[in-house]
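First up is the structure itself, then whatever we jot down about it.
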Amino acid sequence: MIKAGVIGLGIGQSHLYGYSKTPGVKVWAIADLEEERLKRFSREYSVPHSFKDYQELLKLKELDVVSVALPNFLHCPVTIEALEAGKHVLVEKPMALNSQEAEKMVKVARERKRILMVGMNYRYLPEIQILKKFVEQGELGDIYYIKAVALRRRSILSPWFEDKEKSGGGGLIDMGPHMLDLSMWIADDFNAVSVYGITYNKFMPVDDLASALIKLSNGATINLEISWEAFTKSQIFLSLFGTKGGAMTNPLKIYQNAGDIPVEITPEIEKGDFTSKIQREIVHFIRCVREKKEPSSSGEKGLRVMRVLDAIYESARTGKEVRIG
Ligand SMILES: NC(=O)c1ccc[n+]([C@@H]2O[C@H](COP(=O)([O-])OP(=O)(O)OC[C@H]3O[C@@H](n4cnc5c(N)ncnc54)[C@H](O)[C@@H]3O)[C@@H](O)[C@H]2O)c1
């Protein structure tokens with residue numbers, strides 16, 4: 001039986017649900033500053049241990065895995081403490097405030113031989129899984145251009161999200177990890193070579209609009225567009241351009257030629273909600289822990305995403321293209 005702990009009970013609630021539905025896993029401990037949340041979730045999931053102080057949770061010797069679902073500025077220190085306490089860690093996105101922090105986390109996980117996975121739950125959306133299969137089976141040919149869009153008209157968030165010290169930034173650091181991870185995963189290339197980016201703070205103390213062109217080592221380009229607040233239609237999608245076909249998500253459509261006739265394919269897709277994609281992510285995490293296997297969204301991949309985010313912020317600040325090592 002694997003014993004799981006969850007630190008932070010905002011989105012962490014979905015982690016609790018995910019662990020509780022995963023065979024061979026017991027939700028063993030939770031930690032949060034809010035007494036109310038501790039009481040409610042201890043009861044709901046019959047959790048044996050609950051703490052206001054997450055360090056008490058980490059002292060539980062029998063605990064095998066921990067989800068870190070705290071405000072961004074706590075991801076690095078708490079993940080490192082958990083790894084050093086011998087736990088495998090699933091950390092929410094963004095994995096850290098910047099790539100320096102992410103590097104430290106990856107280093108400690110390697111030294112302690114613990115699994116470090118970043119919560120890239122969008123990969124587990126049924127339509128994204130199907131799109132990945134289309135690409136892997138060569139149906140779209142070589143992917144050379146990806147438009148990754150996550151626009152919100154307005155965001156309603158906990159106050160720490162707008163405090164740069166605690167969040168590391170605005171919409172870009174919040175939705176950038178999802179959209180970049182999806183694009184780089186589908187393009188099968190986590191080596192970005194150059195970045196040109198812009199950010200705006202028109203309505204918020206952190207970036208409320210960001211746009212970037214990211215060149216990958218295989219020649220593909222990602223065109224990223226993110227807003228937390230803007231006079232626009234709220235929308236989130238990927239648009240893929242390949243040499244044999246193209247695709248758009250949400251809802252998924254595939255564009256190909258049948259002979260010389262352009263066709264549009266609508267794959268059959270099961271319905272999936274937010275909670276079920278986090279549950280699938282947790283099933284993958286637990287499998288990796290059991291089989292001592294590197295997770296698909298490993299700390300190393302998360303670090304590469306953080307380097308791109310750092311480069312976008314730097315490019316926006318300097319007005320220049322930034323090359324990545
Ligand atoms: N993967 C996704 O799609 C997704 C969705 C939402 C949020 N997130 C990420 O999850 C993280 C948490 O976001 P959220 O929306 O749940 O935030 P939130 O503010 O709603 O919840 C954070 C929780 O952490 C608790 N907390 C804060 N400091 C603590 C401490 N020192 N010790 C113990 N508990 C503490 C708070 O009391 C609160 O319950 C963020 O990094 C966010 O980016 C990811």
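All told, ILE130 falls short of being more than 24 Å from ILE312 (Cβ to Cβ), outside the structural domain of THR232 (by TED's automatic domain parsing) and surrounded by 16 or more Cβ atoms within 10 Å (Cβ to Cβ). When the range 250-272 is filtered for residues that are closer than 20 Å to MET179 by Cβ and either within 16 Å of the ligand (Cβ to nearest atom) or charged (D, E, K, R) (or both), the ones remaining, listed by number, are ASN250, LYS253, GLY272.
Conditions tested, residue by residue: (1) more than 24 Å from the chain's Cα centre (by Cα); (2) within 30 Å of GLY176 (Cβ to Cβ); (3) small (Gly, Ala, Ser); (4) more than 9 Å from the ligand (Cβ to nearest atom).
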| residue | (1), (2), (3), (4) |
| --- | --- |
| ILE2 | no, no, no, yes |
| VAL25 | no, no, no, yes |
| ALA29 | no, no, yes, yes |
| GLU34 | yes, yes, no, no |
| ARG43 | yes, no, no, yes |
| ASP53 | yes, no, no, no |
| SER67 | no, yes, yes, yes |
| ASN72 | no, yes, no, no |
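Filtering LYS26, LYS39 for residues that are outside any helix (DSSP H, G or I) and open to solvent by 20 Å² or more (accessible area, probe 1.4 Å) leaves a single hit, LYS26. Only a single item in (1) outside the structural domain of THR266 (by TED's automatic domain parsing); (2) closer than 25 Å to ARG307 by Cα is not met by ALA31, and it is number (2). LEU140 meets the stated requirement of being away from the ligand (no atom under 16 Å from the Cβ), in contact (Cβ under 8 Å) with a residue 24 or more places away in the chain, buried (at least 21 other Cβ atoms within 10 Å of the Cβ) and closer than 23 Å to ASN250 by Cβ. Looking only at residues of the range 267-291 that are free of Cβ contacts under 8 Å to residues at least 12 places away in the same chain and not in a helix (DSSP H, G or I), we find that the one that is nearest to SER67 (Cα to Cα) is ASP273. Filtering the range 200-236 to residues that are of a type in the set (Val, Ile, Thr), within 15 Å of GLY176 (Cβ to Cβ) and surrounded by fewer than 17 Cβ atoms within 10 Å (Cβ to Cβ) leaves only ILE236.
Determine, yes or no, whether GLY119 is in contact (Cβ under 8 Å) with a residue 60 or more places away in the chain and closer than 19 Å to GLY170 by Cα. Considered against the rule, which asks whether it is in contact (Cβ under 8 Å) with a residue 60 or more places away in the chain and closer than 19 Å to GLY170 by Cα, GLY119 comes out as yes.
The values are calculated or read from the model by the stated rules, or taken from the named source; none is laboratory data. On a predicted model such as this, the values are computed, not experimentally measured, just so you know. Backbone-built Cβ (ideal geometry, glycine too); neighbour counts: all protein chains shown. Surface accessibility is based on the protein's heavy atoms, side chains included, excluding ligands, DNA and RNA. Shrake-Rupley method; radii C 1.70, N 1.55, O 1.52, S 1.80 Å.
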